[in-house]
Amino acid sequence: MNFPTPDDTRVASAAVTCERTTNLPGLRAAVLAAYEKQAIVQHGPQLTSARSALLEQKRIADEILRATSPR
């Protein structure tokens, strides 16, 4: 079977036309951003705590690297 078939080409063309006329990529990005903002508001304290823990881990790793790297 040869690819793409004429049907493959028609379907791909219709998909691109649909995405362009409905701004599907922009809509998808806006919805995703809204969900992310909602999650940040809903889980703000947990995210802040996780960020603090990661920053502390990085600080400790930097300290270890400074102490063990050749000078």
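Observations on the model:
- Here R71, R10 are placed in order of increasing Cβ neighbour count within 10 Å, fewest first, which gives R71, R10.
- Each other residue within a Cβ distance under 13 Å of K58 adds +1 if Lys or Arg and -1 if Asp or Glu, for a net charge of 0.
- The structure shown yields Rg and Dmax of the Cα atoms in Å, and of the options (i) 24.1, 65; (ii) 17.4, 56; (iii) 10.6, 30 that calculated value carries the label (i).
- Helix-only mean residue ellipticity at 222 nm for the chain, each DSSP H run of n ≥ 4 adding -39500 (n - 2.57), per residue, nearest 500: -29500 deg cm²/dmol
- Neighbourhood net charge (12 Å Cβ-Cβ; Lys/Arg +1, Asp/Glu -1) for A14: -1
Values in this text are rule-based calculations from the coordinates and carry no lab data. Predicted, not measured: the structure shown is a model, and the values here were computed from it. Every residue, glycine as well, gets a Cβ built from its backbone with ideal geometry; the counts of neighbours run over all protein chains shown.
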